[in-house]
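**Q** Let me give you the structure first, and then I'll get to my questions.
The values are calculated or read from the model by the stated rules, or taken from the named source; none is laboratory data. Nothing here was measured: the structure is a model prediction, and the numbers come from that model. No Cβ is skipped: glycine too gets one built from the backbone with ideal geometry, and neighbour counts run over all protein chains shown. Accessible surface is based on the protein model in full, side chains and every heavy atom, while ligands, DNA and RNA are left aside. Shrake-Rupley method; radii C 1.70, N 1.55, O 1.52, S 1.80 Å.
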Amino acid sequence: MSQQFDVVVIGGGPGGYVAAIRAAQLGFNTACVDLFKNPEGKPSLGGTCLNVGCIPSKALLQSSENFHAVQHDFAKHGISVSGAKMDVGQMLARKTDIISKNAAGISFLFKKNKVANIHGLASFKGRQGDKWLIEVTDNGAVVDTLEAVHVIVATGSSPRALPGLATDNQLVLDNEGALALTAVPKRLGVIGAGVIGLEMGSVWKRLGAEVTILEAMPTFLAAADQQIAKEAFKTLTKDTGLDIKLGVKIGEIKTGKKSVTVNYELNGEAVKAEFDKLIVSIGRVPNTQGLGAEVVGLQLDERGFVAVDEHCRSNLPNVWAIGDVVRGPMLAHKASEEGVAVAERIAGQKPHVDFGVIPWVIYTSPEIAWVGKTEEQLKAEGVEYKKGTSGFGANGRALGLGQAQGMVKILADAKTDRILGLHMIGPMVSELVSEGVVSMEFKAASEDLARIIHAHPSLSEVIHEAALAADKRALHG
């Protein structure tokens, strides 16, 4: 006998679980089917983001930053520490505890909102009347059959592998393996200077590894504003000590018993490098295998993404898709907002998700964050703009924190003064960028930010100063 639901969500990541909760809040009988299991073999909600992505990486980043501060920064405060040691096992245990608490929190929210929590692999099996038939399997065995009026596909993404190179998470690591190293490797190689590569490289560099990052693109952080990207490259190479090589052409990679040899070409010269561990972080691919898309005719594009319109509708009636499995940035917060929007559209509401005001953050030290258009994009589009910049170097709060590196840059329309982009590198800019998101969502001008009173001393004063600078009336620079 099939279980009957109004809405079935396939995937329990930040898009899926949020969609399920919102659908339940709106009065729909809702189920969420999720496949993920933790290393102990137990179901764990939250998807890649919570279990092997955003959350654990931030835990390790904080631990490594604390260790680095003990060794290099505390003396400036008059605090003497000798013989500091890093217990990698305890660091990983703390990470695991954070994951467990968050996963348990999602389970509690499902119970609170009466969302049926089903573990297994969900796949389409057909259509019966106005309902979709979904089969749930676990280790190949059928454990449940569901019927749903609406289905929300939120199956997320997986790491893209290098052709011909197997990921064993012993020598060759993806994001999951990079988060589970039980000891600090002496020589760590990273292929890809994206978010995962930079963050994981930073973690293990601070803990003592020699880190080399190999990036195919000739430009560092091509998606970011290049003034910020250049500042980031300088800081991450000079201060953090990452060896970042751009314009690399990867050749043959050989794995031995205890090391990995990477052959690559740089500036026309052949180079051979040997690493104790190699992290591969060259992007992600959508999880659509096993979904049964071909059974029901669910349309996928040439890259394997579920084809959807601007409202996340697929080509099939009452089948929706959100998050990493559809077009747009692969960001957890984008997936969550799409999940909420779809649930509300099913209820007949008219929400919207504005891709133009989605914030981006890289949690290196210093952090990098931005929202809106880059200066390069505005030039390419022929938009007349003005800009204002201000640095953290003279900011009292940043100096007190001992983190006075970086800057804030505001881009505004030359005629209307409407804010078009906010770009920053510096302390806690992952939090500060929300001021730009709110400003842009409400169509604010740079003058609006310049007229708002910012607390003193605070890091946000650098945004205020950049807004003033956009009108050529900076007070502290």
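**Q** Can you find, among Met1, Ala104, Ala24, the residue farthest towards the positive end of the dipole of segment 1-130? Put +1 on the C-beta of Lys and Arg, -1 on that of Asp and Glu.
**A** About the Cα centre, the residue reaching furthest to the positive side is Met1.
**Q** If the chain between Gln299 and Val143 were fully stretched, how many nm would it gain, using 0.36 nm times the residue separation less the Cα-Cα distance?
**A** 53.5 nm
**Q** What is the set of long-range amide H partners of Ile282 at a cut-off below 5 Å, with H atoms built 1.01 Å from backbone N?
**A** Under 5 Å from the amide H of Ile282 lie the amide H atoms of Arg160, each far enough along the sequence or on another chain.
**Q** Under 8 Å for C-alpha pairs, at least 6 residues apart: give me the relative contact order for segment 71-192, rounded to a whole percent.
**A** Contact order relative to length: 14 percent.
**Q** A further question on this structure: Could you give me the ³J(HN,Hα) list for segment 56-64, computed from phi with Karplus coefficients 6.51, -1.76, 1.60 and θ = phi - 60°, whole Hz, x at Gly and Pro?
**A** Values, residue by residue: x, 5, 5, 5, 5, 4, 5, 4, 5 Hz.
**Q** Can you tell me how much longer the chain between Ser100 and Gln170 gets when fully stretched, taken as 0.36 nm per residue apart minus their C-alpha distance, in nm with one decimal?
**A** 22.8 nm
**Q** Still on this structure: Taking 8 Å as the Cα distance limit and 6 or more residues as the minimum spacing, I'd like the relative contact order of the chain as a percentage.
**A** The normalised contact order for the chain reaches 14 percent.
**Q** To the nearest 10 degrees, how steep is helix 88-112 against the longest Cα principal axis of the chain, on a 0 to 90 scale?
**A** With rounding to tens, the tilt is 50 degrees.
**Q** Peptides 418-424, 151-157, 280-286, 291-297: what's the order by average Cβ count within 10 Å, highest mean first?
**A** Order by mean packing, descending: 151-157, 418-424, 280-286, 291-297.
**Q** Additional query: So who's got an amide H within less than 5 Å of the one on Gly421, skipping anything under 5 residues away but keeping other chains? H placed 1.01 Å off N, in plane.
**A** Close amide H contacts, sequence-distant or interchain: Lys373, Leu411.
**Q** Which whole-number value in Å² is the accessible area per residue of the chain, probe 1.4 Å?
**A** Per-residue accessible area for the chain comes out at 47 Å².
**Q** List every residue whose amide H lies under 5 Å from the amide H of Val9, counting only residues 5 or more places away in sequence or on a different chain, with H placed 1.01 Å from N in the peptide plane.
**A** Amide H neighbours of Val9, under 5 Å, 5+ apart: Ala31, Cys32, Val33, Ile152.
**Q** Determine, for each peptide in 175-188, 315-328, 451-464, the mean count of other beta carbons within 10 angstrom over its residues, then list the peptides with the highest first.
**A** Listed from highest to lowest mean packing, they are 315-328, 175-188, 451-464.
**Q** What are the lysines whose alpha-carbon lies under 25 Å from the alpha-carbon of Lys387, with same-chain residues fewer than 8 places away excluded?
**A** Counting by Cα, and skipping residues close in sequence, Lys387 has these lysines nearby: Lys230, Lys234, Lys373, Lys379, Lys409, Lys415, Lys443, Lys472.
**Q** How long are the semi-axes of the ellipsoid equivalent to the chain, from square roots of 5 times the Cα gyration tensor eigenvalues, in whole Å, largest first?
**A** Semi-axes (√(5λ), whole Å): 38, 30, 22.
**Q** For the chain, find the longest principal axis of its Cα atoms and tell me its angle to the long axis of helix 226-238, 0 to 90°, nearest 10.
**A** Relative to the chain, helix 226-238 is tipped by roughly 70 degrees.
**Q** Taking the Cα centre of the chain as the origin, how large is its charge dipole in debye, to the nearest 20, when only Lys and Arg (+1) and Asp and Glu (-1) carry charge on their Cβ atoms?
**A** Approximately 680 debye in magnitude.
**Q** On a 0 to 90° scale, report how tilted helix 195-206 is relative to the longest principal axis of the chain, with both axes built from alpha carbons and the result rounded to the nearest 10.
**A** The two axes meet at around 50 degrees.
**Q** Can you work out ³J(HN,Hα) from phi for every residue in segment 398-411, in order, using Karplus 6.51 cos²θ - 1.76 cosθ + 1.60 and θ = phi - 60°, giving whole Hz and x for Gly and Pro?
**A** Along segment 398-411, the couplings run 5, 5, x, 6, x, 9, 9, 8, x, 7, 10, 10, 10, 10 Hz.
**Q** Shifting gears a bit: For the chain, what does -39500 (n - 2.57) per DSSP helix run (n ≥ 4), summed and divided by total residues, give at 222 nm, in deg cm²/dmol to the nearest 500?
**A** About -9500 deg cm²/dmol.
**Q** Where does each of 202-213, 247-258, 72-83 land if you order them by average Cβ count within 10 Å, highest first?
**A** Descending packing order for the listed peptides: 202-213, 247-258, 72-83.
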